[in-house]
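A short worksheet on the structure shown next.
What follows draws every value from the coordinates through simple rules; no lab data is involved. The structure displayed is predicted, hence computed values, not measured ones. Virtual Cβ from ideal backbone geometry, glycine too; neighbours counted across all protein chains shown.
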Amino acid sequence: MPHRLLGNNQAWARATKARDPGFFTRLAQQQTPRYMWIGCADSRVPANEIVGLDPGEVFVHRNVANVVVHSDLNALSTVQFAVEHLKVEHIFVVGHYGCAGVRAAMRGLRVGLADNWLRHVHDVRLRHRKRLDHLPPEQQEDILCEMNVIEQVGNVALSTVIQDAWARGQPVAVHGWVYGLRDGLLKDLQVTMDRTETVVETFSAAIKRYRRVATATGTEALTLPDDDD
């Protein structure tokens with residue numbers, strides 16, 4: 001099996017060089033991407049191919065369920081490198097429908113050590129349960145995928161890295177997208193944040209697009225408070 005992959009690599013390198021003789025020379029000089037992609041580790045979601053970019057044009061960080069939290073120094077270090085050293089202008093947090101991590105959080109499934117990581121997604125579900133619980137199960141998962149992206153966009157925007165960048169006048173915008181495995185299309189969640197004063201308003205407006213239904217009395221005791229209208 002590894003030999004087949006090496007063979008594939010050699011064929012790809014030859015084809016790429018034939019198509020563009022200077023490609024690898026340019027690539028070896030320096031990476032100067034304008035974009036950063038924060039996505040899920042799912043093997044079905046290849047960042048470059050989805051948006052039609054070559055290697056070197058997008059800086060990528062991936063993890064289970066495309067989560068960005070303020071205690072994750074891995075993700076934050078990658079964002080800092082992208083913003084302060086590569087000077088990326090756009091950061092895209094990209095989820096995808098059919099995400100196994102989101103499904104596990106939505107259904108309360110145990111998957112192992114990753115349960116602790118997916119607690120972040122579970123918390124998103126709890127916060128916005130009144131916008132989820134009235135939906136059919138399959139729609140709940142899709143909407144939680146979208147809500148999770150919106151939450152992570154907010155987390156990126158409120159990180160010290162982005163706040164410091166905006167404070168010094170560096171232009172960088174954070175966007176939220178969801179990728180459809182069934183059709184290959186990206187959906188813009190209209191949650192772009194590009195300066196400090198718009199973060200809360202943009203986040204609130206994005207979440208409120210999902211209809212909120214009151215939960216029955218007496219079911220709130222062991223859950224976090226829901227988002228406010």
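Can you give the local net charge around His134? Use residues other than it whose beta-carbon is closer than 10 angstrom to its beta-carbon, Lys and Arg +1, Asp and Glu -1.
Overall, the nearby charge balance is +4.
Along the stretch 31-40, what does the Karplus equation 6.51 cos²θ - 1.76 cosθ + 1.60 (θ = phi - 60°) give for ³J(HN,Hα), rounded to whole Hz, x for Gly and Pro?
In residue order, the calculated couplings are 8, 9, x, 8, 10, 10, 10, 10, x, 7 Hz.
Hey, which lysines would be in cross-link range of Lys208, C-alpha to C-alpha under 16 Å, not counting anything within fewer than 8 residues on its own chain?
Lys130
Using the beta-carbon distance between Thr160 and Ala205 and R0 = 30 Å, what value does 1/(1 + (r/R0)^6) give for FRET efficiency, to the nearest 0.05?
Calculated transfer efficiency: 0.80.
Calculate how many DSSP beta bridges within the chain are antiparallel, expressed in % of all such bridges and rounded to the nearest 5.
Antiparallel: roughly 20 percent of the beta bridges in the chain.
Highest GNM mean-square fluctuation, the chain, Cα pairs closer than 10 Å: which of Arg168, Arg127, Arg211?
Result: Arg168 has the largest fluctuation of those listed.
Got the relative contact order for the chain handy, in percent, Cα pairs under 8 Å and 6 or more residues apart?
19 percent.
What helices does the chain hold that run 24 Å or longer along their axis, going by alpha-carbon atoms, with a Kyte-Doolittle average of -1.0 or more, using DSSP H for the helix calls?
Qualifying helices: 137-157.
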